[in-house]
Amino acid sequence: MAKAALARAKSDSSDIAKPVLADAGRLKIEWADAQMPVLSAIRERFRKERPFAGLNISACLHVTSETANLVRALAAGGADVMLVASNPLSTQDDTAAGLVKHYGISVQARRGEDRATYYRHLAAALERRPRLTLDDGADLVTLLHQKYTGQIDDIVASLEETTTGVIRLRAMAADGALKLPVFAVNDADTKHLFDNRYGTGQSTVDGILRATNLLLAGRRFVVAGYGWCGKGLSSRASGLGARVIVTEVDPLRALEATMDGFDVMPMREAARQADILCTVTGNTSILRKEHFRLLKDGAVIANSGHFNVEIDLVALAAMSRKVVKNVRPNLDAYHLKDGRKLYLVGEGRLANLAAAEGHPAAVMDMSFAVQALTAEHAVTQAKAKRFSATVYEVPRAIDRAVARLKLATLGIQIDRLTAEQAKYLASWQEGT
Ligand code: ADE
């Protein structure tokens, strides 16, 4: 198809909010690309080798300029890609428009879309009968298992980007409900050790600061959950001078937080002290009525876990006399019946994507390099052997390749084992 006709077709199969922002979107995509040298090298290889020639791929990911570069890489490899949002509030409308107009990708995503629109877009992503799917939070795979079961056997594999999604998929597998092979991209070291820790750490602070412009130095900053995201957030908040308190349910993580130098206590104590409180657990109802009662007047609450279930918004609304939306962009004021005010960032959705731009491109470079190489692995290996309906780890070789490429782009060289060292590691006879 001629380029203009293709662009028209892609535009027809798209549903975006602000096509006029396409040129600004392209600039943002190019800016991110310059910070993503590993992914762009993969894209150029894909352009020559065409591993996805003729393949329909549907991706349900946050529609950001970083994701735009991932779908560009898949398209360069010959795929026909559709991108839909994995969260109603994380879509960058300019990026979506840029992808459609300048890169010929179908996008169905509008920032602030309601639930019905969100699911209409997911349905469109499945109705085009993809052979490979990419998910961030497993909503696409869940919908596939609920309403599109007849298509499951056509799908080579699905790739999952985030901790919450992997937890859901493992629960499906344990239940015997999972009907297709899934790759846990999140669990690759070059993903979660960097994206979850440094990406979430920095971008969550970024989101809270853009929404509030508060000074963190000297403030009591409560982090609920000390997984990789919680570790990153605690470290970055503390780096800006906040006095960090961690809450946990896991004894090992609580001990780790203690020895990392943070105060650890139950939420009922932490809530009394919090100036800012951010949930990042992946679990539900972390901040609820009993905690709202204890929070100080003026406290800021936020969530950076995948779903907006960590803060009980129904209870918060019920305790409120009125809610003033957007006292600042992405900040709502809840006027409680007892006279206190609590401030909620980004409607309780991921603060880093709702109130900022998500993780910086330099870290998404690794996450999306893993996605791109795992997509290639899934498609090429599926020809030789059928995967079964289970959750697969990303091959270690992909992790090591991404780490090596990233180091090379940073201009960092490392040592190699000498022959003597390799032999020593492989032996057991030598001791004291
Ligand atoms: N998840 C967190 N940050 C992101 C980003 N910048 N792009 C896509 N997904 C993300």
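Multiplying the residue separation of ASP250 and ARG47 by 0.36 nm and removing their Cα-Cα distance gives an extension gain of 68.5 nm.
Whenever you get a sec, compute what percent of the accessible area on the chain sits on carbon and sulfur atoms (1.4 Å probe).
C and S fraction of accessible area: 52 percent.
Within the set LYS383/LYS406; LYS385/LYS406; LYS191/LYS406; LYS28/LYS48; LYS18/LYS325; LYS296/LYS322, which residue pairs have Cα atoms separated by over 20 Å?
Checking Cα-Cα distances, LYS383/LYS406; LYS385/LYS406; LYS28/LYS48; LYS18/LYS325 exceed 20 Å.
Think of a 1.4 Å ball rolled over the protein heavy atoms: the chain then has 45 Å² of accessible area per residue. Could you tell me the convex hull volume per residue, in Å³, taken over the Cα atoms of the chain? Dividing the Cα hull volume of the chain by its residue count gives 177 Å³.
With the cut-off at 1.5 for a/c, could you classify the range 38-140 from its C-alpha gyration tensor as rounded, prolate or oblate? It is prolate, given that a/c is not under 1.5 and a/b is the larger ratio. Annotation: LEU143 carries an accessible surface of approximately 10 Å², with a 1.4 Å probe and no ligand, DNA or RNA atoms counted. Relative protection proxy for 270-279, 421-430, 220-229, from highest mean packing down: 220-229, 270-279, 421-430 (other beta-carbon atoms within 10 angstrom).
Under 8 Å for C-alpha pairs, at least 6 residues apart: give me the relative contact order for the chain, rounded to a whole percent. About 16 percent, as a whole number.
The values are calculated or read from the model by the stated rules, or taken from the named source; none is laboratory data. These numbers come from a predicted model, not from an experiment. Quick reminder, even Gly has a Cβ in these numbers, built from the backbone with ideal geometry, and neighbours come from all protein chains shown. Ligands, DNA and RNA are excluded from the accessible area calculation, which covers all protein heavy atoms including side chains. Shrake-Rupley method; radii C 1.70, N 1.55, O 1.52, S 1.80 Å.
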